[in-house]
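Just so you know, all these numbers are worked out from the coordinates, no wet-lab data involved. Nothing here was measured: the structure is a model prediction, and the numbers come from that model. Quick reminder, even Gly has a Cβ in these numbers, built from the backbone with ideal geometry, and neighbours come from all protein chains shown.
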């Protein structure tokens, strides 16, 4: 290090060291961190003690600047117990007097198995007597543990702590935000490209940031050799200089070269994260992993600390990262609120694994494949990397995972791209959109899933010779995989294979190529509606174990054997191989450009940085810092814009603040954060506005923003809420709110401007968290929850920890869109609110993508006249614990609703009251999967299709004033799918089936109201003889183009899964040979029979016909 300080002991000999309680110390010359050895205590019984006797040492340091630092190795941290013991540094020649002291109970939660760099600030130490830093002569570490444990100590020193200095950091590759940091690793002795082990320097810098209450440590461009492991403390960001692979960033910028853990797959992770840790803008490379034909195991590259003690529970935040050649990438377990975004990597065994995950994790813009290693300077051949991945590697595994939010993911050449499976903690449910799988062996591998299932929308799944979606035998009823807007390409393979008793639903999708069948169901239930099967081959096989199927409105390229039905009489199967579909049935909109950009940081457009501390802010919670903040904001505004930075601290704010044009008010957080995190980073403690309705605490002008801080109201009362004005007013056009936590606002954020960006706002409003009446822009990654105020490190006015169950805030609303237009809502979540999402007034043209609501009174409320209200990939929960079904609803469409609302791909559970649909508007629901509750419809129109409602019949109840109900191709419970109040025309209730095997002939049949609104073809089809030879489709390129038009994969030898021994067609069905003998009279008779059964015209359209 540049300032090594004063070495108390190098621990290279046993001289001056002793222990006690009958134990013995030894010198370990094989395992050490500095010098040539470490001091070891092996199996020391239940007492650990290291004592160092010294001649008096004049450290030359003051208490405010001094840090005691040493390396501490622990074989098993759990064996240290609850931490009875201390670390002591004295000038009395012995323990317990004239000493600085730190409790082991505070130290142990921050330790990992293996080596740890311990940094203890004397300013934060307890004091006994009058220790003299000019005469230090004794050190002791002792701990009483419940179990024997082996420990080592190395390199004990006192050093000077560099002062934090928030400043603009130099970056060579550009940045999507203004790079500000308090610490630079070069100030701690790390220098890139010098070949020296920088483990100590980087860890010291991060420990310093943690001791300062949180902040950012910057590592500039270049290679930093790390021979040990690193621990990113709570509320600390490790940030480098980075550009994305598509921006020329491979091999450039900040690189951490990882050497530890070779051959130790279960060893300590290269980077361990704590609550609120952030790692961003760097690449991680294993120099000794150099041959894809001889891959060496390593531990996880990034892993959170044990979440069960809360020290690693929240997070981590991982943004703008390249994993060059990690064996295992990211492991997050027993945690909540991780945020993974803009991550690229070649992962040789497993990319990411999530287990024991609770509300709510986000994984976005993640891309895995061979290119990142192959294109690295000196990297191996791409085809060698791809071959290894396709044979061995899994992209992402979701075990116990509540509500996974996966979006904009791509996987190239993986054995399994995305897998769900059971762990000791449970199973996963969630939603995926914008998914691309190329050259995969298996695309989606559903070993098991939660009972409510998984939905996938807007996907391309290319698995030559493999399986696109594998719903294994473990996918049991009622577990469901539901896909929409998906393109399947599986030359010599199998696009969809269902082996279990669960369900597969596919709508609005295209099956391009396959081997024997595009969809093979060996058991369970299949729902296929509105799909195109473009290869001239048999499309669907239903084996004799299939319990039910609804197949309707699909296009087939062949007129023969489109569906091979081998089910028995006990199955409930409804099949129409024509292209029946009502002309006006809305479909999912194009989601191509729906995702917010991967670079999520709006930019003030200026590198000017103004510090609130330079204007007199103290951040001690007592001094009024309002004037200092406003002066700093005015200075930045007068300079034409810039960033006003507030380092970690509690800032007392007694008057509203105005953020001028082009200015960002920014705190210490470089990512999302839970308010219960300790330390809390930058907090504005709000004393302004009690009992008032205006003005806002923070007022954002045009092009102004707020980021990386929390706002806390110390006088707010959860039992009797106090009125305050809105906390943040985004009235300015192009303003933004990013990474802001509001644990107990009365009204959180009000958006009235145009093109406003809200990206990861966390917390709650005791009245409303977000109100939006603006135009354009997006609201993304909102985590609206009682937990920020209730859980974790608590404030003195925090509600009880069970508040969310005993006294839900029945007056609160999560997000209220009231007169908003053309806004995109992406991956938002509300917990514990009365109303999760309210669509009100004239709000129109809203795309709500990946929305979740939990423990609500009413998950979605629609009122007013808004049109174009579209929800895709929703998860809705309204927990009803009463003895009788209560008023809790998934959907509450009010009596004054006159607009149009669509919900596609929805998972819903726990609300036995189901959904209420009133008013005269139009509601379209497709691919709705719910465990409880029915649809109660009293007015307007309902279109319900391709859904699975587990609850008892009737699943739909129609009132006499319903204008029209179209209920088709749905699945009910084990006994039936039923609609009450159906009087026929104008209603259409048809092609619905029960879930399980049952009595023959109990499936529903088409009724009088089921004729299509208009023919699919512009000209009606005359009943001419059927051509005995089906029309061949257009040739299919076995190497499909990617989104840029380049070749994205090649066929591999080997056939896909086959169903040996199954006949080609069901006995009695038409075969190619039988159709060859058909004539005009037979064709006409078949058409007439079809019309009699269906009550409407059913037509086939061949590929190429219009």
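Using the Kirkwood formula on the Cα atoms of the stretch 179-440, what hydrodynamic radius do you get, in angstrom to one decimal?
For the stretch 179-440, inverting the mean 1/r across all distinct Cα pairs yields 18.1 Å.
Bin width 10 Å, alpha-carbon pairs only: give the P(r) of the stretch 586-712 as whole percents, running from 0 to the bin holding the largest distance.
13, 40, 31, 10, 5, 1
I'd like the distance between the alpha-carbon centres of the stretch 627-696 and the stretch 268-318, rounded to an integer number of Å.
32
Per the Kirkwood treatment, what hydrodynamic radius in Å, one decimal, follows for the stretch 698-796 from the mean inverse distance over all distinct Cα pairs?
So the Kirkwood estimate lands at 13.4 Å.
Most exposed first by the Cβ proxy, i.e. fewest other Cβ within 10 Å, how do 804, 242, 991 rank?
If I rank by nearby Cβ atoms, fewest first, I get 804, 242, 991.
Mind sorting 824, 480 by how few other Cβ atoms lie within 10 Å of their own Cβ, fewest first?
Arranged by neighbour count, lowest to highest, 824, 480 become 824, 480.
What is the antiparallel percent of DSSP beta bridges lying wholly in the chain, to the nearest 5?
Roughly 15 percent of the DSSP beta bridges within the chain come out antiparallel.
Please report 556, 270 as a ranked list, fewest other C-beta atoms within 10 angstrom at the top and most at the bottom.
Taking fewest neighbouring Cβ atoms as first place, the list is 270, 556.
Between residue 10 and residue 26, what length comes free when the chain is fully extended (0.36 nm per residue of separation minus the Cα-Cα distance, one decimal in nm)?
Taking 0.36 nm per residue and subtracting the Cα distance, the gain is 4.3 nm.
Rounded to the nearest 0.05, what FRET efficiency do residue 793 and residue 690 give with R0 = 25 Å and r taken as the Cβ-Cβ distance? Could you check?
About 0.55, to the nearest 0.05.
Between residue 194 and residue 702, what is the label-to-label distance in nm when each label sits 7 Å out along the Cα-to-Cβ direction?
The two pseudo-label positions are separated by 4.9 nm.
Taking 0.36 nm per intervening residue step and subtracting the Cα-Cα distance, what contour gain separates residue 624 from residue 375 on full extension?
Extending this stretch completely gives an extra 84.2 nm.
Roughly speaking, what is the centre-to-centre gap between the stretch 739-799 and the stretch 17-94 when only Cα atoms are used, to the nearest Å?
46
Using a Förster distance of 25 angstrom, determine the FRET efficiency expected from the C-beta separation of residue 150 and residue 227, and round it to 0.05.
Rounded to the nearest 0.05, the efficiency is 0.70.
Hey, quick one: spin label on residue 265, modelled 7 Å out along Cα-Cβ, who in the stretch 328-366 has an amide N within reach, i.e. under 16 Å?
Within reach of a label on residue 265, which here means backbone N under 16 Å from a point 7 Å along Cα→Cβ, the stretch 328-366 contributes 328-331, 347-353.
At q = 0.12, 0.20 Å⁻¹, what is the base-10 log of I(q)/I(0) for the stretch 6-160 according to the Debye formula with one equal point scatterer per Cα and no solvent? Please give it to two decimals.
-0.45, -1.35
Consider the candidate values (1) 57, 34, 25; (2) 62, 37, 28; (3) 55, 41, 26; state which one is semi-axes √(5λ) of the Cα gyration tensor in Å computed from the structure displayed.
So the structure-derived entry is (1).
Residue separation times 0.36 nm, minus the C-alpha to C-alpha distance between residue 127 and residue 55: what's the value?
23.8 nm
Calculate the spin-label point distance for residue 974 paired with residue 291, positioning each point 7 Å from the Cα along the beta-carbon direction, and give it in nanometres.
With each label point 7 Å from Cα toward Cβ, the separation is 5.7 nm.
I need the calculated FRET efficiency for the pair residue 62 and residue 103, taking r as the beta carbon distance and R₀ as 35 Å, to the nearest 0.05.
The pair residue 62/residue 103 has a calculated efficiency of 0.95.
If you fit an axis through the alpha-carbon atoms of helix 199-211 and take the longest principal axis of the Cα set of the chain, what angle between them do you get, 0 to 90°, nearest 10?
The answer is roughly 90 degrees.
Using alpha-carbon positions, what is the distance between the centroids of the stretch 900-957 and the stretch 429-453, in Å?
Taking the Cα centre of the stretch 429-453 as reference, the centre of the stretch 900-957 is 25 Å away.
Mind ranking 981-987, 88-94, 323-329 by how tightly packed they are, going by the mean number of other C-beta atoms within 10 angstrom, highest first?
Result, highest mean Cβ count within 10 Å first: 323-329, 88-94, 981-987.
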